[in-house]
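The values are calculated or read from the model by the stated rules, or taken from the named source; none is laboratory data. As the structure is a computational prediction, the values presented were derived from the model and not from experiment. Cβ: placed from backbone, ideal geometry, glycine included. Neighbour counts: every protein chain shown. Note: areas computed on protein heavy atoms with side chains; ligands, DNA, RNA excluded. Shrake-Rupley method; radii C 1.70, N 1.55, O 1.52, S 1.80 Å.
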Amino acid sequence: MGKQAGLDGERSGLWFEMRRIICEVRPWIVVVENVAALLGRDIGRVLSDLAEVGYDAEWDVLPACAFGAPHRRERVFIVGYAVREGLEGLTGDVNNRQGGGESA
């Protein structure tokens, strides 16, 4: 369990490396998974970091047993999605093509 120092602990460099890679690669979707205790410590910092580099995010807590594991251990999952100009029209365009609109 360590000293539970959160992101500022000496063993907690992974988030900062992940943030660096997100900035470099600029994926459309980012998935972050961590212990549920992140909610009481550093969720604000992670969400703020994502927003700072251009991502909106949603999160939820899910138990491992929901995925077939024999224990309940809860994990927080954060899904960040890039905020890009023009992205809001994407769903409508896809629906038009599927609904017999113009040919692609």
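Taking the Cα-to-Cβ direction at residue 48 and at residue 69 and moving 7 Å from each Cα, how far apart do the two end points lie in nm? According to this spin-label approximation, the distance is 2.8 nm. Residue 33 contributes an accessible area of around 80 Å² to the protein surface, as traced by a 1.4 Å probe with all chains present.
Simple spin-label estimate for residue 62 and residue 24 gives 2.8 nm between the two label positions (7 Å along the Cα-to-Cβ direction from each Cα).
Evaluated at 25 °C with a viscosity of 0.890 mPa s, what Stokes-Einstein diffusion coefficient in µm²/s does segment 16-84 have when Rh comes from the Kirkwood expression over alpha-carbon pairs? The diffusion coefficient I find is 193 µm²/s.
For segment 18-89, with every protein chain kept in place, what is the accessible area per residue (1.4 Å probe, Å²)? Accessible area per residue: 64 Å².
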